[in-house]
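The values are calculated or read from the model by the stated rules, or taken from the named source; none is laboratory data. All of these numbers come straight from a predicted model, not from anything done at the bench. As a convention, Cβ positions derive from the backbone with ideal geometry for all residues, glycine included, and neighbour counts pool all protein chains shown. We work out accessible area using only protein heavy atoms, side chains counted, and drop any ligands, DNA or RNA first. Shrake-Rupley method; radii C 1.70, N 1.55, O 1.52, S 1.80 Å.
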Amino acid sequence: MSSYIITPPAEVKGTVEISGSKNAALPIITAALLPDGATTLTRVPHLSDTKFMQEIISILGHDCSWDDNQMTIIPASRPITDPPMELMSKLRASFLIMGPVLAKYGHIRIPYPGGCKIGARPIDLHLKGFSAMGAELCQGHGYVEATCNHLEGADIYLDFPSVGATENLMMAACLARGITNIENAAAEPEILDLAEFLMQCGAEIEGAGSDRITITGTDHLSPCQYEIIPDRIEAGTFLAIAAAAHGHLDIQNIRPAHLKPMTAKLEEMGVNLTIEEKSIEIDASAPLSAVDIKTLPYPGFPTDLQPQMTALLSLSKGTGIVVETIFENRFMHIPELVRMGANIKVDGRTAVIDGVSGLTGAEVRATDLRAGAALTIAALSANDATEIIDIEHIERGYENFPEKLNKIGISVYKK
Ligand code: EPZ
């Protein structure tokens, strides 16, 4: 159980190079099983999550080599299609292999991904879609097994615009016979990036990035070389870091349009942003005013930046209201923030945050990936050092995090 010891910085300033997106890389790595031949992905971030995904597709028999931030994937002609439970349980997103493996090899048997700290994380929408496409599903003993001769195009309505269900079903539909319409689809930038990758492989996809996606199945896809989009959540996290420390950062190698919900809120709070084509410069020297946040599917405010904003609102003048509509239990960072002196009351999915002038250092626990980021933000304004334990959660989603923090003036000691 490792920890970070974070000393409040005298000044936060400099440049941050944002890595490739974890939540775009994970589905695109599984999608690379669809074409025949060697696909090369660049800007793949080195994270425990992407490492686990590499291990999973390798244990299935596919060739997956990784050099620096470049990953090459060569699908096997006769892979195994029932990966081991213990590896699959390390990564919830491993469920994203279901669409490609079922569509290409006609069989898969995998464990339920299970819930995590932030919610039950059901998969009913994924399974309903595969069923509609003609897969025969057998569930029991904690596993789901799917078989099909050939998936058929179908009209699928998602009760909720699930990111994972949209990705799994879009990948499967690429090799199905006929046309698939996914209604009430998720529209996150990572969906569009996956669609762009699949179209570079020869898939016929219309409407990705909207709530209705139409895929015309084909019998073959070709490999390609593809660069993963920048990580908008990492970028948003560093914007919140600059704001909490009243610093001045130049956040580079990003797509500012993907951060609109966050930049709009930060400007409302009083920070000064200079937005260029691939970078955002933030000057947060002015005091912060509280705002209200409600998480929603894209283009609404992203749930993955809610914990970071909750920490920031703890340090802002006035009262901020945060409503978390996506996950049922995504306030676990709040008791940890309260231990640092934050003044937050939770009622169901609503948190009422009364800003305080400063927090105190404490020993706190990272309960999940973004909660760990929130505690890092809170530590910047504490009056003395903070120790964050269970930082394995943070390292799932932030490439070279201590190094990036040290480079902008935040002393992080990994214990
Ligand atoms: C993706 O998770 C992201 N993970 C999450 O990021 C992100 O928080 C989430 O989308 C929402 O934006 C990856 O991309 C690897 P969902 P996913 O399916 O696909 C309900 C991070 O911090 N639902 O959109 O699992 C579910 O209960 C992580 O990087 C069903 O009801 O999210 C939840 O309430 C955390 N039935 C809501 O949809 C289903 O079959 C959103 O889930 C599927 C989902």
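Percent relative contact order of the range 133-278, based on C-alpha pairs within less than 8 angstrom and at least six residues apart?
On the way: 218 pairs, mean separation 24.3, N = 146.
Relative contact order here is 17 percent.
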(message) Over the Cα atoms, compute the radius of gyration (one decimal) and Dmax (the largest Cα-Cα distance, rounded to a whole number) for the range 191-271, in Å.
(response) 17.4, 55
(message) Can you order the peptides 84-94, 250-260 by their average number of other Cβ atoms within 10 Å per residue, highest first?
(response) 250-260, 84-94
(request) For helix 189-200, report the angle its Cα long axis makes with the longest principal axis of the Cα atoms of the chain; keep it between 0 and 90° and round to the nearest 10°. (result) 30
(request) Work out how much length Lys415 to Glu267 would gain on full extension: take 0.36 nm times their residue separation and subtract the Cα-Cα distance, in nm to one decimal. (result) 49.7 nm
(request) Determine ³J(HN,Hα), in whole Hz, for all residues of the range 352-359 in sequence, where each value follows from phi through the Karplus function 6.51 cos²θ - 1.76 cosθ + 1.60 and θ = phi - 60°; x replaces Gly and Pro. (result) 9, 10, 9, x, 10, 6, x, 10
(request) With everything on Cα atoms, drop me the angle between helix 260-269 and the longest principal axis of the chain, reported from 0 to 90° to the nearest 10. (result) 10
(request) Could you work out the equivalent-ellipsoid semi-axes for the range 15-57, taking the square root of 5 times each eigenvalue of the Cα gyration tensor, largest first, in whole Å? (result) 21, 12, 8
(message) What's the magnitude of the charge dipole for the chain around its Cα centre, counting Lys and Arg as +1 and Asp and Glu as -1 at the beta-carbon? Answer in Debye, nearest 20.
(response) 680
(request) Multiply the residue separation of Glu55 and Arg212 by 0.36 nm, subtract the distance between their alpha-carbon atoms, and state the gained length in nm to one decimal. (result) 53.2 nm
(request) Just need log10 I(q)/I(0) for the range 260-322 at q = 0.16, 0.23, 0.24 Å⁻¹, Debye formula, equal scatterers on the alpha-carbon atoms, no solvent, rounded to two decimals. (result) -0.52, -1.01, -1.08
(request) Using only alpha carbons, build the gyration tensor for the range 61-220 and give me the equivalent ellipsoid semi-axes, biggest first, whole Å. (result) 21, 19, 17
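Which percent, nearest 5, of DSSP beta bridges in the chain are antiparallel?
On the way: 55 of 76 bridges.
The antiparallel fraction comes to roughly 70 percent.
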(request) Can you figure out the FRET efficiency of Lys13 with Ser65, using R₀ = 41 Å and their beta-carbon distance, to the nearest 0.05? (result) 0.60
(request) With label points built 7 Å along Cα→Cβ from the Cα atoms of Lys90 and Arg177, find their separation and express it in nm. (result) 3.9
(message) Take the residue pairs Lys90/Lys407; Lys117/Lys415; Lys22/Lys345; Lys51/Lys345; Lys317/Lys404; Lys260/Lys294 and return only those whose Cα atoms are more than 26 Å apart.
(response) Lys90/Lys407; Lys22/Lys345; Lys51/Lys345; Lys317/Lys404
(request) With viscosity set to 0.692 mPa s and temperature to 37 °C, compute the Stokes-Einstein D of the range 42-124, Rh being the Kirkwood radius across alpha carbon pairs; µm²/s, no decimals. (result) 242
(request) Specify the angular offset, from 0 to 90 degrees and rounded to the nearest 10, of the alpha carbon long axis of helix 163-174 from the longest principal axis of the alpha carbons in the chain. (result) 30
(message) Could you work out how much longer the chain between Thr350 and Ser77 gets when fully extended? Use 0.36 nm per residue separation minus the Cα distance between them, nm to one decimal.
(response) 93.3 nm
(request) Report Leu296's accessible area, 1.4 Å probe, all protein chains in place, as a number in Å² to the nearest 10. (result) 80
(message) Normalised by the empirical 2.2 N^0.38 Å for globular proteins, what value does the Cα Rg of the range 185-231 take?
(response) 1.15
(request) Can you work out the accessible area per residue across the chain, with the rest of the protein chains kept in place, probe 1.4 Å, in square angstrom? (result) 38
(request) Quick one: pull the percentage of alpha-carbon pairs in the chain with a separation above 29 Å. (result) 44
(request) Could you please state how large a percent of the accessible area of the chain is carbon and sulfur, counting protein chains only and using a 1.4 Å probe? (result) 49
(request) For the range 265-311, calculate the relative contact order in percent as a whole number, restricting contacts to Cα pairs under 8 Å that are 6 or more residues apart. (result) 27
(request) Determine by what factor the alpha-carbon radius of gyration of the range 209-357 differs from 2.2 N^0.38 Å, reporting the quotient. (result) 1.20
(message) Run the Debye formula on the Cα coordinates of the range 97-138, all scatterers equal and no solvent, and tell me log10 I(q)/I(0) at q = 0.19, 0.25, 0.28, 0.33 1/Å.
(response) -0.61, -0.94, -1.08, -1.28
